[in-house]
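To keep things clear, I will list the structure first and then write my remarks on it.
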Amino acid sequence: MASLKDLRNRIASVKATQKITKAMQMVAAAKLRRAQEAAEAARPYSERMAAVLANISQAVGGGGDAPALMTGTGNDDVHLLVVCTAERGLCGGFNSQIARFARDHIRKLLTEGKTVKIVCVGKKGFDILRRDYASMIIERVDLREVKTLGFVNADAIARKIVSLFNEGAFDVCTLFYSQFKSVISQIPTSQQIIPAATVSTGEAANGSAVYEYEPEPGEILSDLIPRNISVQVFRALLENAAGEMGAKMSAMDNATRNAGDMINKLSITYNRQRQAQITKELIEIISGAEAL
């Protein structure tokens, strides 16, 4: 049984930990508001960008004017997975959910006999995936030094993806991230970005206007599709940032509550042991007095 001194030290240690988790919860809550606003602001633009891209793609069709980023290589043998996770932990199962979702997709592709290559954006996803798929990881993007995510960060990642595609390194590219819904809900999501996913003719025509293009649609797509890839990567990074802060706030709140419960239990144990020790000393004093 632990001594009274050990219990006092343990209670003091847990109280110090509780202060830290409470402070981290408040910091995450403050960052969450800004991250959520940024993620929600990026959604309309990225969705509209995809709609414009789909509309122009309908005008081009599958003709020779369509760039390779839209039509693909014609094969489906090599898949590139861009897995976006957080750089830091202490956010519950946020990173493991994305990594698990990507891992399931990897297993499915390997079962079908496909070749898989992985680009990890974020330290935590890299740490998880390298345990089983270290040989498949061809690139790791480190954003730990970036305090505020900007479009330039996403554009650098997108340029690397396009460069790999132009080199013939893969046929299909899929982006993995966590879509922010609420503080307690982040949904792992996958999105194919190469070849550019297009909607059906009926969906594109539903409520869409008729456009005239200048210059030719093929020339527009050659510039629009790389930019769309940057936009979708940027949205994924913003969604991840909001989801990370939401998950961290929830995890630190749970840690603070658990620390409080532990302090209560340790305090009860301390008081009971102290009372037993006082009772024992009183009995010894009374027994000694009676012996005299």
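The values are calculated or read from the model by the stated rules, or taken from the named source; none is laboratory data. Bear in mind the structure is a predicted one, so any value in this text is a computation, not a measurement. With ideal geometry, Cβ positions are generated from the backbone for all residues, glycine too; neighbour counts draw on all protein chains shown. Surface areas here come from the heavy atoms of the whole protein model, side chains and all, with no ligands, DNA or RNA. Shrake-Rupley method; radii C 1.70, N 1.55, O 1.52, S 1.80 Å.
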So which pairs qualify, if the first residue must be in segment 239-253 and open to solvent by 10 Å² or more (accessible area, probe 1.4 Å), the second must be β-branched (Val, Ile, Thr) and in a helix (DSSP H, G or I), the Cβ gap must be under 7 Å, and the two must be at least 6 apart or on different chains? Met252/Thr21
For segment 164-184, how many residues meet the condition of being out of contact with any Pro (no Cβ under 9 Å at 6 or more places or on another chain), part of a loop (DSSP other than H, G, I, E, B) and of a type in the set (D, E, K, R)? 1
Let me confirm something: among Ile161, Ile98, Ile157, Ile138, which residue is outside any helix (DSSP H, G or I) and either in contact (Cβ under 8 Å) with a residue 60 or more places away in the chain or open to solvent by 20 Å² or more (accessible area, probe 1.4 Å) (or both)? Ile138
Somewhere in segment 16-38, is a residue at positive phi and not β-branched (Val, Ile, Thr)? no
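Quick one: how many residues across segment 69-95 are of a type in the set (Gly, Ala, Ser) and surrounded by 19 or more Cβ atoms within 10 Å (Cβ to Cβ)? Even if it seems obvious, please write down each step before you answer.
Applying the first criterion (of a type in the set (Gly, Ala, Ser)) to segment 69-95 yields 72, 74, 86, 89, 92-93.
From what is left, the residues that are surrounded by 19 or more Cβ atoms within 10 Å (Cβ to Cβ) are 86, 92.
Going through segment 69-95 one residue at a time, the tally reaches 2.
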Which of the residues that make up segment 73-95 are over 14 Å from the mean Cα position of the chain (by Cα) and assigned to a strand (DSSP E or B)? Val78, His79, Leu80, Leu81
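Can you say whether Glu203 is at pLDDT 70 or above, under 14 Å from Leu53 (Cα atoms), surrounded by fewer than 19 Cβ atoms within 10 Å (Cβ to Cβ) and out of contact with any Phe, Trp or Tyr (no Cβ under 9 Å at 6 or more places or on another chain), as far as the supplied structure shows? Lay out the reasoning, then the answer.
Numbers: at pLDDT 70 or above: no; under 14 Å from Leu53 (Cα atoms): yes; surrounded by fewer than 19 Cβ atoms within 10 Å (Cβ to Cβ): yes; out of contact with any Phe, Trp or Tyr (no Cβ under 9 Å at 6 or more places or on another chain): yes.
In short, no.
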Given the criteria closer than 26 Å to Ala50 by Cβ and surrounded by 15 or more Cβ atoms within 10 Å (Cβ to Cβ), does Gly122 qualify? yes
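Taking the criterion of being open to solvent by less than 20 Å² (accessible area, probe 1.4 Å), within 30 Å of Ile194 (Cα to Cα) and not in a helix (DSSP H, G or I), would at least one residue in segment 53-68 satisfy it? Before you say what the answer is, go through the steps one by one.
First, pick out the residues of segment 53-68 that are open to solvent by less than 20 Å² (accessible area, probe 1.4 Å): 53-54, 56-57, 66.
Applying the additional criterion that residues be within 30 Å of Ile194 (Cα to Cα) yields 53-54, 56-57, 66.
The next check asks that each one be not in a helix (DSSP H, G or I); those that pass are 66.
Yes, segment 53-68 contains at least one residue that is open to solvent by less than 20 Å² (accessible area, probe 1.4 Å), within 30 Å of Ile194 (Cα to Cα) and not in a helix (DSSP H, G or I).
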Verdict on Arg103 being open to solvent by 40 Å² or more (accessible area, probe 1.4 Å) and touching a residue at least 12 places away in the same chain (Cβ under 8 Å): yes
Of the criteria (1) among the aliphatic types (A, V, I, L, M); (2) touching a residue at least 12 places away in the same chain (Cβ under 8 Å); (3) open to solvent by 50 Å² or more (accessible area, probe 1.4 Å); (4) within 21 Å of Ala255 (Cβ to Cβ), which one Met26 fails: (2)
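Can you say whether Ile106 is within 18 Å of Ala247 (Cβ to Cβ), assigned to a helix (DSSP H, G or I) and among the β-branched types (Val, Ile, Thr), as far as the supplied structure shows? Steps first, answer last, please.
Numbers: within 18 Å of Ala247 (Cβ to Cβ): no; assigned to a helix (DSSP H, G or I): yes; among the β-branched types (Val, Ile, Thr): yes.
No, not satisfied.
Yes or no: segment 8-20 includes at least one residue that is open to solvent by 80 Å² or more (accessible area, probe 1.4 Å), polar (S, T, N, Q) and at pLDDT 90 or above. Before you say what the answer is, go through the steps one by one.
As a first pass, look at segment 8-20 and keep what is open to solvent by 80 Å² or more (accessible area, probe 1.4 Å): 8-10, 15, 19-20.
Now narrow it down to the ones that are polar (S, T, N, Q): 9.
Restricting the remaining residues to those that are at pLDDT 90 or above gives 9.
Yes, some residue in segment 8-20 is open to solvent by 80 Å² or more (accessible area, probe 1.4 Å), polar (S, T, N, Q) and at pLDDT 90 or above.
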